[in-house]
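Trainee: Please read through the structure below; I'll follow up with questions.
The values are calculated or read from the model by the stated rules, or taken from the named source; none is laboratory data. This is a predicted model, so every value here is computed, not measured. Cβ placement follows ideal geometry from the backbone for every residue including glycine, while neighbour counts extend to all protein chains displayed. Heavy atoms of the whole protein, side chains included, go into the accessibility calculation; ligands, DNA and RNA do not. Shrake-Rupley method; radii C 1.70, N 1.55, O 1.52, S 1.80 Å.
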Amino acid sequence: MSANAYEIQLDRLRVKNSKRKRKISRILSEFRESTTALPDATVVLDREQTVQWWNEKAIEKLGFNRKSCRGKHIRKLLKDPVFRAYLDAGDFSNQIEMPAPVNEQVKLEVRIVPFGKGKLLLQARDITRLAQLETIRSDFVANVSHEMRTPLTVVHGYLESMLHSGDQALAEWNPIVEQMYQQSARMQRIVEDLLLISRLESEHDRTVDQFDVRPLLSAVRDEAVTLSGEQKHNVILEIEGDTNFVGVFSEIDSAFSNLVSNAVRYTPAGGDIHIRWWNSKNGPCFSVADAGIGIEPEHIPRLTERFYRVDVGRSRSSGGTGLGLAIVKHVLLRHGSELQIESKLGKGSTFKCCFPAQKYSD
Ligand code: ADP
């Protein structure tokens with residue numbers, strides 16, 4: 001090939017190259033523009049969890065600066081304890097909530113998505129507005145419940161006096177007054193349960209104690225026997241291993257009582273109810289198994305929602321408020337546990353929860 005032909009080919013290559021460069025830089029700038037437009041803060045971490053790349057929103061919401069974050073470990077940049085625990089646990093199937101490092105008033109929902117070979121994509125979404133609406137909602141429920149408490153106590157009290165007055169002039173009204181009395185008692189139970197849920201949602205500084213669950217479990221069993229009364233369920237309590245527990249006594253009492261009273265209310269007379277406490281290798285567990293009516297699988301995921309009932313009539317006639325399992329869910333959440341439900345229609349149900357390994361103070 002002549003020198004001239006070489007030069008022509010070289011020239012062509014140069015033109016091709018510069019076209020390619022322009023194309024790449026156009027793609028890059030489009031990528032930058034689109035990531036800047038992303039509503040969420042986005043950070044790319046390598047397999048060592050050091051920062052490789054971040055967008056504009058990460059500067060605004062996470063307090064990253066334009067230059068000096070590259071190569072820094074994410075733990076050094078985001079110091080929130082909840083975030084650090086999330087990162088250390090390495091289970092990224094859920095997201096967490098934390099205050100923005102730049103402003104405590106801003107609430108962020110942070111999610112980590114693994115990609116490539118051990119790399120991580122961190123996304124932080126501003127959920128301040130959502131959190132405010134949630135607070136308004138739960139304050140409203142708490143206020144309404146609180147306001148209803150006193151009038152209900154008065155009405156209930158007068159109805160009780162009328163029932164027990166012995167006044168013959170009132171005798172013909174007794175069946176009606178009796179019904180009003182029962183219904184006002186039901187409303188009182190609903191109000192008390194709503195107030196308890198509000199407290200479970202909003203109180204974060206609660207006193208955690210170390211206690212022995214054995215007397216609590218015996219009391220819960222005795223309650224079940226009393227509730228069963230003439231129905232004479234066969235209530236068995238089985239305790240194995242360490243019974244020391246660290247938590248809030250009243251909350252655990254309320255959760256276990258709710259599960260056991262449900263077992264009585266949804267099991268035909270004479271049926272077996274098995275209450276168990278044992279220690280698994282990961283920590284203590286509690287379960288209530290009944291030989292009751294059971295639950296169809298499609299209802300199970302929704303049972304812990306407030307006022308969700310499979311059969312409204314049955315729940316009401318057995319004295320339910322529709323809030324028992326919602327209370328259980330909140331209590332367990334506050335004790336690092338969650339409710340597991342197994343059930344077979346017509347055969348019975350098992351409600352189980354396992355707690356993290358207990359750390360006792362001496
Ligand atoms: P309720 O006051 O209606 O019992 P809960 O929140 O305690 O409210 O329970 C929600 C629903 O879950 C109940 O209405 C019932 O349909 C179902 N459920 C709860 N426990 C049991 C059980 N042991 N067996 C069968 N169904 C149950």
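Trainee: How many times 2.2 N^0.38 Å is the alpha carbon radius of gyration of the stretch 208-362? Walk me through the numbers before you get to the answer.
Mentor: Numbers: Rg = 15.0 Å, N = 155, 2.2 N^0.38 = 15.0 Å.
In units of the 2.2 N^0.38 Å rule of thumb, it is 1.00.
Trainee: Right, next: In terms of modelled amide H atoms, which long-range or inter-chain residues lie less than 5 Å from the amide H of Leu108?
Mentor: Under 5 Å from the amide H of Leu108 lie the amide H atoms of Met98, Ala100, Ile127, each far enough along the sequence or on another chain.
Trainee: Would you kindly derive the ³J(HN,Hα) couplings of the stretch 31-37 from the backbone phi angles with the Karplus curve 6.51 cos²θ - 1.76 cosθ + 1.60 (θ = phi - 60°), listing them in order in whole Hz, with x for Gly and Pro?
Mentor: For the stretch 31-37, the Karplus curve yields 4, 4, 4, 5, 6, 5, 6 Hz.
Trainee: Hey, another quick one. In the Gaussian network model of the chain, springs joining C-alpha atoms below 10 Å, which of Phe249, Phe92, Phe140 carries the largest mean-square fluctuation?
Mentor: Looking only at Phe249, Phe92, Phe140, the biggest GNM fluctuation is shown by Phe92.
Trainee: Apply the Karplus parameterisation 6.51 cos²θ - 1.76 cosθ + 1.60, with θ equal to phi minus 60°, to every residue of the stretch 104-118 and state each ³J(HN,Hα) to the nearest whole Hz, in sequence, with x for glycine and proline.
Mentor: Working through the residues one at a time gives 4, 6, 8, 9, 10, 9, 10, 10, 10, 10, x, 8, x, 9, x Hz.
Trainee: Right, something else. Given points 7 Å out from each Cα along the Cα-Cβ axis, report the Gln182 to Asn94 separation in nanometres with one decimal.
Mentor: My value for the distance between the label points is 4.0 nm.
Trainee: So, by mean Cβ neighbours within 10 angstrom, what's the order for 309-320, 192-203, 257-268 with the highest one leading? Walk me through the numbers before you get to the answer.
Mentor: Working: 309-320: 14.5, 192-203: 17.0, 257-268: 21.7.
So the order, starting with the most tightly packed, is 257-268, 192-203, 309-320.
Trainee: With charges only on Cβ, +1 for K and R and -1 for D and E, what is the dipole size of the stretch 110-214 about its Cα centre, in debye, rounded to 20? Numbers along the way, then the final one.
Mentor: Values: 12 positive and 15 negative charges, 214 e Å.
Using only the charged Cβ atoms, the result is roughly 1020 debye.
Trainee: If amide hydrogens are placed 1.01 Å from N in the peptide plane, which non-local residues have theirs closer than 5 Å to the one on Glu338?
Mentor: For Glu338, the qualifying residues are Cys354.
Trainee: Further, regarding this structure: Using only the Cα atoms of the stretch 129-205, what are the Rg and Dmax in Å?
Mentor: Over the stretch 129-205's Cα set, Rg and Dmax evaluate to 17.4, 60 Å.
Trainee: Per the Kirkwood formula on distinct C-alpha pairs, the Rh of the chain is how many angstrom?
Mentor: On the way: mean 1/r = 0.0391 Å⁻¹.
Hydrodynamic radius (Kirkwood, Cα pairs) of the chain is 25.6 Å.
Trainee: Ranked highest first by the average count of other Cβ atoms within 10 Å around their residues, in what order do 20-32, 232-244 fall? Intermediate values should be presented prior to the final figure.
Mentor: On the way: 20-32: 10.2, 232-244: 14.5.
In descending order of packing, they fall as 232-244, 20-32.
Trainee: Further, regarding this structure: Taking θ as phi - 60°, what are the ³J(HN,Hα) couplings along the stretch 327-342 by the Karplus curve (6.51, -1.76, 1.60), each to the nearest whole Hz, with x for Gly and Pro?
Mentor: For the stretch 327-342, the Karplus-derived couplings read 5, 4, 4, 5, 4, 5, 4, 6, 10, x, 10, 9, 7, 10, 10, 10 Hz, x marking Gly and Pro.
Trainee: Also, quick follow-up: Test of understanding: in a Gaussian network model of the chain with alpha carbons linked when under 10 Å, which of Ala124, Ala37, Ala58 would top the mean-square fluctuation ranking?
Mentor: Looking only at Ala124, Ala37, Ala58, the biggest GNM fluctuation is shown by Ala37.
Trainee: Could you give the angle, 0 to 90 degrees to the nearest 10, between helix 128-163's Cα long axis and the longest principal axis of the Cα atoms of the chain?
Mentor: 0 degrees
Trainee: Counting heavy atoms of the protein chains only and a 1.4 Å probe, report the per residue accessible area for the chain as a whole number of Å². The partial results should precede the final answer.
Mentor: Values: 22080 Å² over 362 residues.
About 61 Å² of surface per residue is accessible.
Trainee: Where Lys and Arg each count +1 and Asp and Glu each count -1, what net charge lies around Ser161 among other residues with Cβ under 15 Å from its Cβ? Walk me through the intermediate numbers first.
Mentor: Details: positive: none; negative: Glu160, Asp167, Glu178.
That works out to -3.
Trainee: If Lys and Arg each add +1 and Asp and Glu each add -1, what is the summed charge of the other residues whose beta carbon sits under 12 Å from the beta carbon of Asp311? All intermediate terms of the calculation are to be shown ahead of the outcome.
Mentor: Numbers: positive: Arg265, Arg309, Arg314, Arg316; negative: Glu296.
Neighbour charge sum, excluding Asp311 itself: +3.
Trainee: Between Glu33 and Arg302, what is the label-point separation in nm under the 7 Å Cα-to-beta-carbon projection?
Mentor: For Arg302 paired with Glu33, the spin-label model returns 4.6 nm.
Trainee: Please report, in cubic angstrom per residue, the volume enclosed by the convex hull of the alpha-carbon atoms of the stretch 273-324.
Mentor: Normalising the Cα hull of the stretch 273-324 by residue number yields 123 Å³.
Trainee: Moving on to the next point. Test of understanding: express the Cα radius of gyration of the stretch 38-126 as a ratio to 2.2 N^0.38 Å, with N the residue count. Write out the running numbers ahead of the final one.
Mentor: Values: Rg = 11.7 Å, N = 89, 2.2 N^0.38 = 12.1 Å.
Computed over Cα atoms of the stretch 38-126, the ratio equals 0.97.
Trainee: Whenever you get a sec, compute what percent of the accessible area on the chain sits on carbon and sulfur atoms (1.4 Å probe). Intermediate values should be presented prior to the final figure.
Mentor: On the way: 11770 of 22080 Å².
Answer for the chain is 53 percent, counting heavy atoms of protein chains only.
Trainee: Report, for the stretch 203-362, the % of DSSP beta bridges that are antiparallel, rounded to 5. Don't skip to the end; give the middle numbers.
Mentor: On the way: 22 of 28 bridges.
Counting only bridges with both partners in the stretch 203-362, antiparallel ones make up about 80 percent.
Trainee: Given a 10 angstrom Cα cut-off, can you work out which residue in Ser18, Ser68, Ser228 is the most mobile in a GNM of the chain?
Mentor: Ser18
Trainee: Ranked from the most accessible area to the least, with a 1.4 Å probe and all protein chains present, what is the order of Arg306, Arg129?
Mentor: Details: Arg306 75, Arg129 150 Å².
Descending accessible area places them as Arg129, Arg306.
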